[in-house]
Amino acid sequence: MTLTPIKTPLVAKKMFPNFIWDISTNEKFIYLTFDDGPTPEITNWVLDTLNTYQAKATFFCIGKNIENHPDIFQNIIRYGHAIGNHTHNHVKGWKTKAEAYLQNVDLAASAINKHSNNTPLQQKAKLFRPPYGQITPKLGKLLLAKDYKIIMWDVLSFDWDYKTTQQDCLENVISKTTNGSIVVFHDSIKASKNMQYALPKTLEYFSKNGYSFKSLDFKHTAEQYQ
Ligand SMILES: [Zn+2]
């Protein structure tokens, strides 16, 4: 049994007010996010699927996967989605010393910068999502000091969880997502069975109900990349 809720409770959001849990908007905007890619077969499928619905999203990439699959990483950018940092080796924030953790974030940032020449800045704003959602107040402070926006979530699809059925995964997203929700999917092998079922149906359902899908395109200045 897991204690992680599908929908992040308000009390948790208030406990960490410097992290971004959702986007405050009255408009019918949804912010889909995809963690752990780029992954061969999976990420390009996600890009095509999003494109069918003119949907934009944000991809929290693992630096090592960018190094291994720079062509797929560049496809993400070419389709106009936003890129975020998800560490270089999918590091656990509760079990890693702060210095080593930040070095791993820097490694991923180097991979992102190396393979995203000429990318509009708003697509590669300094966004960070901690693997497993594990982050300490100390790490949070250090990352914020480095100008990262720390992106958590409002809704977890549980696509990675083998105990979650395809139908449950879809239901998790449809029942909990609302205006400004940040929703977590994974473009990974592990999550693909559920994700590839739930994503097209999520796009279909919310599009029919007048929603559109946006990337997290916070504005950053060139100086912030130094
Ligand atoms: Zn992850």
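Which count do you get for residues in segment 146-190 that are charged (D, E, K, R) and more than 16 Å from the ligand (Cβ to nearest atom)? Please lay out each step first, then the result.
Of the residues in segment 146-190, the ones charged (D, E, K, R) are 146-147, 149, 154, 159, 161, 163, 168, 171, 176, 187, 190.
When the remaining residues are screened for being more than 16 Å from the ligand (Cβ to nearest atom), the result is 146-147, 149, 154, 163, 168, 171, 176.
Selection size over segment 146-190: 8.
Answer with yes or no whether Leu127 is more than 13 Å from the ligand (Cβ to nearest atom) and in contact (Cβ under 8 Å) with a residue 60 or more places away in the chain. Explain how you work it out, then say what you get.
Working: more than 13 Å from the ligand (Cβ to nearest atom): yes; in contact (Cβ under 8 Å) with a residue 60 or more places away in the chain: yes.
Here the answer is yes, as Leu127 does meet what is asked.
Would you mind telling me which numbered condition in (1) farther than 17 Å from Ile150 by Cα; (2) away from the ligand (no atom under 15 Å from the Cβ); (3) at pLDDT 95 or above Asn113 fails?
Result: Asn113 passes all but (3).
Kindly list the number of the only condition in (1) away from the ligand (no atom under 13 Å from the Cβ); (2) modelled with pLDDT of 95 or more; (3) not hydroxyl-bearing (Ser, Thr, Tyr) that fails for Asn85.
(1)
Checking Leu10 against (1) over 29 Å from Ala198 (Cα atoms); (2) modelled with pLDDT under 95, which test does it fail?
For Leu10, the failing item is (1).
Quick check: is even one residue across segment 160-177 surrounded by 16 or more Cβ atoms within 10 Å (Cβ to Cβ) and either basic (Lys, Arg) or at pLDDT below 95 (or both)?
yes
Which residue pairs have Cβ atoms under 8 Å apart, sit 6 or more places apart or on different chains, and have a first residue in segment 48-66 that is over 16 Å from Tyr31 (Cβ atoms) and within 16 Å of the ligand (Cβ to nearest atom) and a second that is open to solvent by 40 Å² or more (accessible area, probe 1.4 Å) and of a type in the set (Ser, Thr, Tyr)?
Gly63/Ser110
Quickly run through segment 45-67 and pick out the residues that are open to solvent by less than 80 Å² (accessible area, probe 1.4 Å) and closer than 13 Å to Pro200 by Cα.
So the first thing to find is which residues in segment 45-67 are open to solvent by less than 80 Å² (accessible area, probe 1.4 Å), and the list is 45-47, 49-50, 53, 55-63, 65-67.
The answer is Trp45, Val46, Leu47, Thr49, Leu50, Tyr53, Ala55.
In segment 1-23, which residues are surrounded by 12 or more Cβ atoms within 10 Å (Cβ to Cβ), out of contact with any Gly (no Cβ under 7 Å at 6 or more places or on another chain) and charged (D, E, K, R)?
Lys7, Lys13
When you go through (1) assigned to a helix (DSSP H, G or I); (2) over 23 Å from Phe158 (Cα atoms) one by one for Asn65, which number turns out not to apply?
(2)
When the residues of segment 24-44 are filtered to those that are of a type in the set (A, V, I, L, M, F, W, C) and surrounded by 17 or more Cβ atoms within 10 Å (Cβ to Cβ), which remaining residue is nearest to Pro131 (Cα to Cα)? Outline the logic, then answer.
Quick first cut of segment 24-44, residues of a type in the set (A, V, I, L, M, F, W, C) only: 29-30, 32, 34, 42.
Those left that are additionally surrounded by 17 or more Cβ atoms within 10 Å (Cβ to Cβ): 30, 32, 34, 42.
Values: Ile30: 22, Leu32: 17, Phe34: 12, Ile42: 19 Å.
Going through the qualifying residues, I end up with Phe34.
The values are calculated or read from the model by the stated rules, or taken from the named source; none is laboratory data. Source: prediction; values computed, not measured. So basically every Cβ, Gly included, is an ideal-geometry build from the backbone, and we count neighbours across all protein chains shown. Heads up: the accessible areas ignore ligands, DNA and RNA and are worked out on the full protein's heavy atoms, side chains in. Shrake-Rupley method; radii C 1.70, N 1.55, O 1.52, S 1.80 Å.
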